[in-house]
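The values are calculated or read from the model by the stated rules, or taken from the named source; none is laboratory data. Bear in mind the structure is a predicted one, so any value in this text is a computation, not a measurement. Reconstructed Cβ throughout: ideal geometry from the backbone, glycine too, with neighbour counts over all protein chains shown.
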Amino acid sequence: MPEGPSLVILREQAQVFEGRRILRVEGNTTLDKARLKGRTVQAVRTWGKHFLLEMPTVALRIHLLMFGSYCIDARKPDKPLRIGLGFAGGRELNFYSCAARLVEEPLDLLYDWSADVLSEHWDPKLARRRLLAHPDMLACDALLDQGIFAGVGNIIKNEVLFRIRVHPESPVGALPPAKLRELVREARHYSEQFLEWKKAFVLRKHWLAHTKRTCPRCHIPFHKGHLGLTQRRSFWCENCQLRYGSS
Ligand SMILES: [Zn+2]
């Protein structure tokens, strides 16, 4: 699943369409294409894993789900186009295997930008407060909670917990204050590193835990399982990742 940093890359690439008018709307999406045709893109924005094209009175929201992808000024010949936008000069922004929706509400009312780990408005204090409001939530679920850590996905979750040496099944309320601060800090820090590595096409080689078999610190096998309410794949070391809250 594309995580927040991948959406930031998409946003940066799609910013060439700001100020341009949508001349053509194609694809098998069921949304009302007439609402988009003729509109000028005011801003290209992201919130977590949401890609947003802001226009006067309406916005187009794209979620790439598990296997979504996009092409700029090109097409995938082997995939059905979900939604494609055509601009002057033959320029195109095309999406595949995604969810597309029109958003009527003003984006600044709808989205809490302070919850987006890669936003300039990211607020770590608020994230800590939100975590402490759900003390029983497991660390592996908390990191995937988009209302607290918008943009964090399963890779970031596994890497953050490994780096801060926290067992994924630790309830967040059991983490000492310094460890909770570290979790919040690392969620953003690792997301920033993810972004840089992804841009340089070296993301995978920096994975320490995600999809790995052996703990690079202890040289023993990682545990692997679908943990928490989210039931997403976790990779962890029983030796160096401490399970807080178990007495
Ligand atoms: Zn270990």
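Quick check, is residue 86 at positive phi, surrounded by 15 or more Cβ atoms within 10 Å (Cβ to Cβ) and touching an Asp or Glu at 6+ places or on another chain (Cβ under 6 Å)?
Details: at positive phi: no; surrounded by 15 or more Cβ atoms within 10 Å (Cβ to Cβ): yes; touching an Asp or Glu at 6+ places or on another chain (Cβ under 6 Å): yes.
So residue 86 does not fit the description; no.
Restricting to region 112-138, and then to whatever is in contact (Cβ under 8 Å) with a residue 60 or more places away in the chain and either buried (at least 18 other Cβ atoms within 10 Å of the Cβ) or of a type in the set (S, T, N, Q) (or both), can you tell me which residue is farthest from residue 5 (Cα to Cα)?
It comes out as 138.
Looking only at region 151-202, which residues are free of Cβ contacts under 8 Å to residues at least 24 places away in the same chain and either within 22 Å of residue 228 (Cα to Cα) or not small (Gly, Ala, Ser) (or both)? So that I can check it myself, show each step before the final result.
Residues of region 151-202 free of Cβ contacts under 8 Å to residues at least 24 places away in the same chain: 164, 177-178, 182, 189, 193, 196-197, 200-202.
Passing the criteria: 164, 177, 182, 189, 193, 196, 197, 201, 202.
Based on this model, can you work out whether residue 156 counts as over 21 Å from residue 48 (Cβ atoms) and either more than 16 Å from the ligand (Cβ to nearest atom) or among the β-branched types (Val, Ile, Thr) (or both)? Before the answer, list the steps.
Details: over 21 Å from residue 48 (Cβ atoms): no; either more than 16 Å from the ligand (Cβ to nearest atom) or among the β-branched types (Val, Ile, Thr) (or both): yes.
No; evaluated as a whole, the condition is false for this residue.
Out of all the residues in region 143-156, which are in a helix (DSSP H, G or I), of a type outside the set (A, V, I, L, M) and either buried (at least 22 other Cβ atoms within 10 Å of the Cβ) or modelled with pLDDT under 95 (or both)?
Taking region 143-156 and keeping what is in a helix (DSSP H, G or I), we get 143-144, 154-156.
Now restrict to residues that are of a type outside the set (A, V, I, L, M): 154.
If the condition is that a residue be in a helix (DSSP H, G or I), of a type outside the set (A, V, I, L, M) and either buried (at least 22 other Cβ atoms within 10 Å of the Cβ) or modelled with pLDDT under 95 (or both), then no residue fits.
Hey, can you tell me all the residues within region 223-243 that are within 16 Å of the ligand (Cβ to nearest atom) and either of a type in the set (S, T, N, Q) or in a loop (DSSP other than H, G, I, E, B) (or both)?
234, 237, 238, 239, 240, 241, 243
Would you pick out the residues in region 157-195 that are within 15 Å of the chain's Cα centre (by Cα) and surrounded by fewer than 18 Cβ atoms within 10 Å (Cβ to Cβ)?
Those that are within 15 Å of the chain's Cα centre (by Cα) and surrounded by fewer than 18 Cβ atoms within 10 Å (Cβ to Cβ): 189, 192, 193.
Would you please list the contacts, defined by Cβ atoms under 7 Å and residues six or more apart or on different chains, that run from a residue in region 100-111 that is assigned to a strand (DSSP E or B) to a residue that is basic (Lys, Arg)?
100/82; 101/61; 102/35; 103/61
Being of a type outside the set (Lys, Arg) and under 22 Å from residue 190 (Cβ atoms) is the requirement here; does residue 16 meet it? Can you show your working first?
On the way: of a type outside the set (Lys, Arg): yes; under 22 Å from residue 190 (Cβ atoms): no.
No, not satisfied.
Of (1) closer than 19 Å to residue 5 by Cβ; (2) within 16 Å of the ligand (Cβ to nearest atom), residue 168 satisfies all except one. Which?
Single failed check for residue 168: (1).
I'm trying to understand the selection: among the residues of region 209-222, which are more than 10 Å from the ligand (Cβ to nearest atom), over 16 Å from residue 1 (Cα atoms) and either surrounded by 14 or more Cβ atoms within 10 Å (Cβ to Cβ) or within 18 Å of the chain's Cα centre (by Cα) (or both)?
212
If residue 140 meets every condition in (1) within 16 Å of the ligand (Cβ to nearest atom); (2) in contact with a strand residue (DSSP E or B) (Cβ under 8 Å, 6 or more places away or on another chain) apart from one, which number is that one?
(1)
Would you tally the residues in region 159-215 being small (Gly, Ala, Ser), part of a helix (DSSP H, G or I) and touching a Lys or Arg at 6+ places or on another chain (Cβ under 6 Å)? Can you show your working first?
Let us first name the residues in region 159-215 that are small (Gly, Ala, Ser), namely 170, 173-174, 178, 187, 191, 200, 209.
Subsequent filtering for residues that are part of a helix (DSSP H, G or I) retains 173-174, 178, 187, 191.
Okay, now just the ones that are also touching a Lys or Arg at 6+ places or on another chain (Cβ under 6 Å), so none.
Summing the residues that are small (Gly, Ala, Ser), part of a helix (DSSP H, G or I) and touching a Lys or Arg at 6+ places or on another chain (Cβ under 6 Å) in region 159-215 gives 0.
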